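Read through the structure below, which is laid out as structure tokens, and then see the notes.
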Amino acid sequence: MRTNSQLSNKVVRGLSKILGQEFVTFWLEQAGSTHSSDRCLAEVVRIDRETADAVSLWLRPNALFKGFEAGQHVNLSITIDGVVHTRSYSFSSAPTESGLVRLTVKQTPTGLVSRYVVNQLEVGTVVELGDVFGDMTLAHTQPTLSQQRPSMLLLAAGSGITPMISLIEELEAKGWPADVTLMSWARNPDDVLFDATLKAKTNEHFNYVRLLESGANVAEGDLAGRPCAEQFAAVAGALDNTDVYACGPDGFMTALRGILGDTPKSFHAESFTPMALSIDENAEVKTFTVTLTKSNRIVEVSNNKPLLKALQEQGINPPHGCGMGICNTCSCEKLTGTTQNMQNKSVCGTNNTALRLCINAAQGPVSLDL
């Protein structure tokens with residue numbers, strides 16, 4: 001039996017063939033419809049205020065949404081003042097029978113999209129969902145979950161809690177097949193996301209601990225301060241049989257790796273801020289040709305700039321999203337040439353490989369499938 005959504009999408013495809021896809025798409029957008037023949041559009045059906053600077057968006061995607069797994073993230077495209085901006089956000093819910101998905105956005109001082117979403121976005125707005133990606137899922141990290149009860153330690157700072165609550169909801173839906181401890185760091189009690197929800201979930205298989213820079217209520221189980229070995233010893237003890245999951249800013253992730261080292265049984269991480277792009281001020285600045293095979297253009301770029309920035313400076317604007325090597329929106333095929341990752345300094349001379357333009361610079365002549 002066909003659903004109304006499937007019938008509507010069939011009608012949209014038919015009209016697109018007759019009237020032209022751009023014409024049909026334009027009028028659907030004017031009408032605020034999420035029907036599309038080739039784009040995964042979603043309507044904002046509810047907005048929950050989580051903290052003073054964070055909201056959760058409940059979205060109803062159209063039939064082109066292929067679903068997700070708890071722990072993954074997605075590219076969200078939103079139009080602000082006529083310009084489309086794309087950012088990557090983790091799902092903050094497990095998959096639901098209703099088909100609704102939740103994304104939680106925390107405002108950052110310089111974040112154009114996050115400030116708009118937190119302060120101006122309205123219910124009824126139509127946004128676009130792009131690719132879903134990420135390997136911090138139960139299927140990938142716990143392939144034998146149904147056969148043994150693992151010990152899982154979830155570590156989150158700020159909005160890094162979002163993939164963790166997604167995983168927690170999935171584990172709860174499965175009847176808690178693991179012993180789970182969540183350690184959540186925040187600046188103060190008012191800054192903790194999903195605090196009441198997490199407290200309500202606490203049981204013999206789920207332990208929730210807040211760690212606060214200020215305002216810690218030690219009597220109620222809070223710990224004070226930034227990540228340190230003493231906190232892990234107090235909460236989790238030995239970690240040699242524990243699978244650790246972590247998400248937060250790059251500084252937080254670096255601190256965790258320094259504290260934990262190789263002690264945990266496994267370590268799975270997602271960082272939502274970029275590693276700094278490393279530029280060697282003493283290195284000789286060179287220029288190399290970049291051939292764009294699809295557009296039949298040849299340009300010259302510097303070896304000390306990411307390819308995305310270098311191309312944008314010459315009026316070329318490839319698809320891009322986060323701009324920090326996370327979302328893969330700017331990824332294209334490098335046909336030939338040598339490039340260097342400006343975050344970790346690794347050099348790649350392999351042809352016919354995927355290349356993230358936002359964090360890689362040319363180290364010789366390069367040809368791209370653009």
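Points to keep in mind about this one:
- Selection from the range 319-370 of residues that are among the hydroxyl-bearing types (S, T, Y) and surrounded by 16 or more Cβ atoms within 10 Å (Cβ to Cβ): T329, S331, T338, T339, S367
- Number of positions in the range 228-242 that are open to solvent by less than 50 Å² (accessible area, probe 1.4 Å) and either aromatic (F, W, Y) or under 18 Å from M152 (Cα atoms) (or both): 7
So that you can scan it fast, the table gives a plain yes or no per residue for (1) in contact with a Gly (Cβ under 8 Å, 6 or more places away or on another chain); (2) under 23 Å from P150 (Cβ atoms):
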| residue | (1), (2) |
| --- | --- |
| M164 | no, yes |
| E169 | no, yes |
| A173 | no, yes |
| M183 | no, yes |
| D191 | yes, no |
| L198 | no, yes |
| E204 | no, yes |
| V209 | yes, yes |
| S214 | no, no |
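- Extreme residue, modelled with the lowest pLDDT, among residues of the range 329-352 that are of a type in the set (S, T, Y) and within 14 Å of Q363 (Cβ to Cβ): S346
- When G325 is tested against (1) closer than 29 Å to Q72 by Cβ; (2) not in a loop (DSSP other than H, G, I, E, B), exactly one condition is not met: (2).
- Residue match in the range 137-152 (condition: at pLDDT 95 or above, touching a helix residue (DSSP H, G or I) at 6+ places or on another chain (Cβ under 7 Å) and among the polar types (S, T, N, Q)): no
- The residue that is modelled with the lowest pLDDT, among those in the range 32-64 that are closer than 15 Å to T79 by Cα and out of contact with any helix residue (DSSP H, G or I) (no Cβ under 9 Å at 6 or more places or on another chain), is G32.
- In the range 95-109, the residues that are under 16 Å from A63 (Cβ atoms) reach residues that are in a strand (DSSP E or B) and open to solvent by 40 Å² or more (accessible area, probe 1.4 Å) with C-beta atoms within less than 6 angstrom, at least six apart or across chains, in these pairs: L100/R60.
- Checking each residue in the range 294-318 for being part of a loop (DSSP other than H, G, I, E, B), surrounded by 14 or more Cβ atoms within 10 Å (Cβ to Cβ) and not aliphatic (A, V, I, L, M) picks out N303, N304, K305, P306, P318.
- When Y116 is tested against (1) modelled with pLDDT under 95; (2) farther than 26 Å from M152 by Cβ, exactly one condition is not met: (1).
- Residue check for D190: free of Cβ contacts under 8 Å to residues at least 60 places away in the same chain, among the acidic types (D, E) and over 30 Å from D81 (Cβ atoms): no
- Boolean, V101 is open to solvent by 20 Å² or more (accessible area, probe 1.4 Å) and either at pLDDT 95 or above or within 27 Å of F267 (Cβ to Cβ) (or both): no
- P264 meets each of the listed conditions (1) closer than 21 Å to H85 by Cβ; (2) modelled with pLDDT of 90 or more apart from (1).
- Selection from the range 224-236 of residues that are free of Cβ contacts under 8 Å to residues at least 24 places away in the same chain and either aromatic (F, W, Y) or in contact with a helix residue (DSSP H, G or I) (Cβ under 8 Å, 6 or more places away or on another chain) (or both): A224, G225
- If you go through the range 80-98 and pick out every residue that is out of contact with any His (no Cβ under 8 Å at 6 or more places or on another chain) and modelled with pLDDT under 95, you end up with 10.
- Looking only at the range 34-88, and only at residues there that are touching a residue at least 24 places away in the same chain (Cβ under 8 Å) and of a type in the set (D, E), the one that is surrounded by the most Cβ atoms within 10 Å (Cβ to Cβ): E50
The values are calculated or read from the model by the stated rules, or taken from the named source; none is laboratory data. Only a predicted model underlies this, so the values are computations on that prediction, with no experimental measurement involved. A quick note on method: Cβ atoms are made from the backbone with ideal geometry, for glycine too, and the neighbour counts reach across all protein chains shown. Heads up: the accessible areas ignore ligands, DNA and RNA and are worked out on the full protein's heavy atoms, side chains in. Shrake-Rupley method; radii C 1.70, N 1.55, O 1.52, S 1.80 Å.
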